Amino acid sequence: MTKKILSFLTVIVLCLLLVIPAFAEDDMLTIGASAIPSQRLKPLLVDDAGLLSENEKADLLEKLERYSAELECDFVIVTVPTFNGKDRMAYADDFYDDNGYGQGEKRDGILFLLGMTERQWWISTTGEAMELSEEKLQNCVEKYSSDLTDGNYAAAFNGITDNLYKAMNSVRHPTVETKWIFIDLAIGFVIAFIIMKAVTANLKSVKSRVDANEYVVPGSLALDQSYDRFLYSNVARTEKASSSSGNGSHTSSSGTSHGGTGGSF
């Protein structure tokens, strides 16, 4: 009886030895996989390069938090001494994902990254912020590129943040821009109507005709024969426009879709 119990226990131990490593391997895969935290791990301002004073950091952080809450879209600024040999786009995307930035189901947000050794910057967008084109993102930075070059980082970061806020606000509230378009169109229509009425006011003696023959003087035109002669053909081919959205869309190492653009200073 004792031998049977020992044999039974030996079988159980052997089974456990076979099963436990398999579970352990699955857990390691889960742990090793790139996962985006459900909560933000770092503040909206990360000045690892030490470019700002304490007062400048406090003021800029307050603005970033206010804009982020208002538009429900994280506005993030990150400065680093170096990208450590990593591509700037990948660095920005991974920093965004690994630290759980972004709001809502699509994790809406915009991250501006500055690398001092490389003298380069990158803007990473996620969620609805990806609707911002590369050109619009470039314009948000272009005005303050000289401040970045001259080391006026507080002025540059505040100006870039304001521009990114305005750009994202146009995405969140498109009627703010489009209502002026409709007003301009209405004004143009009224002006065109007034000009047309003024030009046609002196043409009241002209009566409309429904038949072209009424404009021909009787007996002034006689055709013995008529024919059509085909001379040549001309075919013009136009290249089909690309369907690219122009927002630099790509997928990060965590499998998240990002947009963005970059430059040097």
- [ ] Could you compute the FRET efficiency for Lys86 and Ile191, with r as their C-beta to C-beta distance and R0 at 51 Å, rounded to 0.05?
- [x] 0.35
Task: ³J(HN,Hα), Karplus 6.51/-1.76/1.60, whole Hz, each residue of the stretch 49-61, x for Gly, Pro - done: 7, x, 8, 10, 6, 4, 5, 5, 5, 5, 5, 5, 4
Open item on the list: Taking amide H atoms as placed 1.01 Å from N in the peptide plane, list the residues 5 or more away in sequence, or in a different chain, whose amide H sits under 5 Å from that of Thr79.
Closed with: Val46, Asp47, Asp48, Ala49, Leu114
TODO: Could you list, in their original order, any pairs among Lys63/Lys166; Lys57/Lys136; Lys57/Lys106 whose Cα atoms are separated by more than 23 Å?
DONE: Lys57/Lys136; Lys57/Lys106
- [ ] Order these peptides, 58-70, 38-50, by their mean beta-carbon neighbour count within 10 angstrom, highest first.
- [x] 58-70, 38-50
Open item on the list: Taking a virtual spin label 7 Å from the Cα of Ser249 along the C-beta vector, which residues in the stretch 72-90 bring their backbone nitrogen under 19 Å of it?
Closed with: 90
- [ ] Determine ³J(HN,Hα), in whole Hz, for all residues of the stretch 84-96 in sequence, where each value follows from phi through the Karplus function 6.51 cos²θ - 1.76 cosθ + 1.60 and θ = phi - 60°; x replaces Gly and Pro.
- [x] 6, x, 8, 4, 4, 5, 5, 4, 5, 4, 5, 4, 5
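Taken together, the values in this text are just the output of simple stated rules run on the coordinates, not laboratory data. Nothing here was measured: the structure is a model prediction, and the numbers come from that model. Neighbour counts are summed over all protein chains in view; Cβ atoms, including those assigned to glycine, are modelled from backbone coordinates with ideal geometry.
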